[in-house]
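Student: If you scroll down you'll find the structure; I have some questions about it.
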Amino acid sequence: MARFPKHQVTDLQRKQIKAMAAMGLGHVAISRLVELNRNTLYKYYRRELDIGADEANLAVARSLFEMATKEHVPAAAIFWMKARAGWKDRDPDPHEPPPPAIHFTWAPATPALLNNAESDRTIDGTAEEAGNSRAPTTVSWAK
């Protein structure tokens, strides 16, 4: 029975496999792309598969840390504190009133509705006034 020749490891293939692992490709996908059996992939490229994603995470964390500390990007700092320092959005206080709400029910705009909106910030009209047969139209802003 004929045997396949022993696999020859190259630096280029190591870099490619490490890059694929860093980008989040699974081992099955990598073995298909480089045309290697999974056992051969694990035997010769285990380190690249193991540290590829870790090195990518390190690079992103370093970049995010610099954005949060040097480039004054508040969203990056908030993300870092939530992901790494355990921060979370605070739970609403049960004794605190809810924030004001804005409720919209849309209907075609007519001059009568627009004039009413400018005068007292509340529109109450019926569908007949708006020119169609939809339900009453209400737009109100909490003051």
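Student: Distance between Cα centroids, the stretch 2-26 to the stretch 62-102: provide it in whole Å.
Tutor: Cα centres, the stretch 2-26 to the stretch 62-102: 40 Å.
Student: Still on this model: Please give me the summed charge of the neighbours of Phe79: other residues whose Cβ is under 13 Å from its Cβ, Lys and Arg +1, Asp and Glu -1.
Tutor: +2
Student: Using all alpha carbons of the stretch 11-84, what is the percent of pairwise distances in each 5 Å bin, ordered from the shortest bin to the longest?
Tutor: It works out to 3, 16, 22, 16, 10, 10, 10, 9, 4, 0, in whole percents.
Student: Related question: Per residue of the stretch 6-23, in order, report the coupling 6.51 cos²θ - 1.76 cosθ + 1.60 (Karplus, θ = phi - 60°) as ³J(HN,Hα) in whole Hz, putting x for Gly and Pro.
Tutor: 4, 5, 9, 7, 10, 4, 4, 5, 4, 5, 5, 5, 5, 5, 5, 5, 5, 7
Student: Residue separation times 0.36 nm, minus the C-alpha to C-alpha distance between Leu12 and Arg46: what's the value?
Tutor: 10.7 nm
Student: For the pair Arg84/Asp54, report the inter-label distance in nm, with labels modelled 7 Å from Cα in the Cβ direction.
Tutor: Modelled inter-label distance: 1.8 nm.
Each value in this text was obtained by applying a stated rule to the coordinates, not by laboratory testing. Just so you know, these numbers come straight off a predicted model, no measurement behind them. Because the Cβ atoms are built from the backbone with ideal geometry, glycine has one as well, and the counts that use them run over all protein chains shown.
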